Amino acid sequence: MPRGRPMKVPTSPVARSRLANGATVLDGVDGRSAAARRYRDLIGEMRRDVGGDPSAAQEAIIRRAATLVVWCEQAEAAFAQGEALDIAAFTTAANALRRLLADLGLERRAKDVTPSIAQYLAARRDVPQEAAE
């Protein structure tokens with residue numbers, strides 16, 4: 001690619017991957033397992049927590065964080081059933097998860113639903129005069 005020319009990002013859903021379109025969560029993975037469903041649910045919750053429209057960087061962090069949450073939950077369930085817990089791996093995963101969540105922001109952010117001036121004026125035009133008075 002020549003220098004100085006920005007790469008054109010596909011905007012048409014046809015030109016984007018199934019992952020980017022939201023048609024699949026993980027390419028080639030059957031999404032019906034309990035872990036896949038939990039992963040998908042966590043991604044949705046974290047997207048809402050950042051305001052509903054994450055940037056590409058936030059989306060990457062969300063996906064990594066969801067993976068670590070599922071992994072930690074599976075390790076905790078195995079531990080509760082009497083299996084050995086690799087404390088080093090678990091602690092490393094928990095610390096990485098904490099850092100990812102801190103990067104996203106641990107507080108839930110409200111989605112801005114304030115209408116633009118154009119939307120407000122358009123809505124006012126649609127209200128009958130009797131109701132406006």
Scanning the stretch 61-87 for residues that are part of a helix (DSSP H, G or I) and among the polar types (S, T, N, Q), the one nearest to Ile43 (Cα to Cα) turns out to be Thr67
Members of the stretch 38-57 found to be more than 21 Å from Ala77 (Cα to Cα) and assigned to a helix (DSSP H, G or I), listed by number:
Gly44, Glu45, Met46, Arg47, Arg48, Asp49, Ala56, Ala57
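Just a yes or no: is a residue in the stretch 44-58 at pLDDT below 80, touching a Lys or Arg at 6+ places or on another chain (Cβ under 9 Å) and among the small types (Gly, Ala, Ser)?
no
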Does the stretch 17-31 include one or more residues that are basic (Lys, Arg), assigned to a loop (DSSP other than H, G, I, E, B), loosely packed, with under 15 Cβ neighbours inside 10 Å and at pLDDT below 85?
no
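The values are calculated or read from the model by the stated rules, or taken from the named source; none is laboratory data. Note that the structure is a prediction, hence the values are computed from the model and not measured. When we count neighbours, we look across all protein chains shown, and the Cβ atoms used for this are built from the backbone with ideal geometry, even at glycine.
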